[in-house]
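Structure first, commentary second.
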Amino acid sequence: MPNPPKMEPQRGARGRGITNLPAEGRKGGPPEWPLDEQTPAEARLWRELWTTPQSVAWERMGSGTHREVARYARLAIAAEDFDATSATHAQATALADRLGLTPKSMRLLLWQVVADEVAEKRQETSAGARGRIKAVG
């Protein structure tokens with residue numbers, strides 16, 4: 001029987017590569033809320049979720065993901081309620097995993113958060129220049 005192909009860490013188990021997500025997250029406002037009435041708590045979480053690095057991947061997946069993120073926001077808020085059931089907690093956790101919101105699920109999805117090295121270098125350079133200007137002035 002032939003040996004199975006070796007997994008290359010940078011390519012992943014099925015030949016997919018690792019997806020790099022920007023540490024600064026997604027730019028711009030959140031998409032329109034896709035479900036019925038939205039509570040103020042859901043609105044806050046919805047805006048917060050769409051600034052995460054993971055939201056860049058969700059946007060690439062298309063608008064079908066918006067409903068999943070909205071369902072997660074609704075369940076996460078419900079799970080914080082004092083009377084929340086274990087089923088609500090389990091559903092919120094399952095959706096968090098599916099959306100790559102936990103370290104373990106990010107590893108399974110082959111997502112990694114990376115810093116924008118060009119922006120960091122630009123900040124270092126401008127900070128160094130400001131320091132030199134102050135020393136002279």
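Read-outs throughout are calculated quantities, based only on the coordinates presented, and are distinct from any laboratory measurement. Fair warning: this is a prediction, and the values are worked out from it, not measured in the lab. So basically every Cβ, Gly included, is an ideal-geometry build from the backbone, and we count neighbours across all protein chains shown.
Quick notes
- Normalised radius of gyration (Cα atoms, divided by 2.2 N^0.38 Å) for region 27-106: 1.05.
- Computed packing ranks the peptides 22-29, 75-82 as 75-82, 22-29, most packed first, by mean other Cβ atoms within 10 Å.
- Taking a point 7 Å from the Cα of GLN112 along the Cα-to-Cβ direction, the residues of region 17-60 with backbone N closer than 12 Å to it are 17-21.
- Projected label distance in nm at GLU37 and ALA23, using a 7 Å step from Cα toward the beta-carbon: 4.3
- Residues whose placed amide H lies under 5 Å from that of THR19, excluding near-sequence neighbours: TRP111, GLN112
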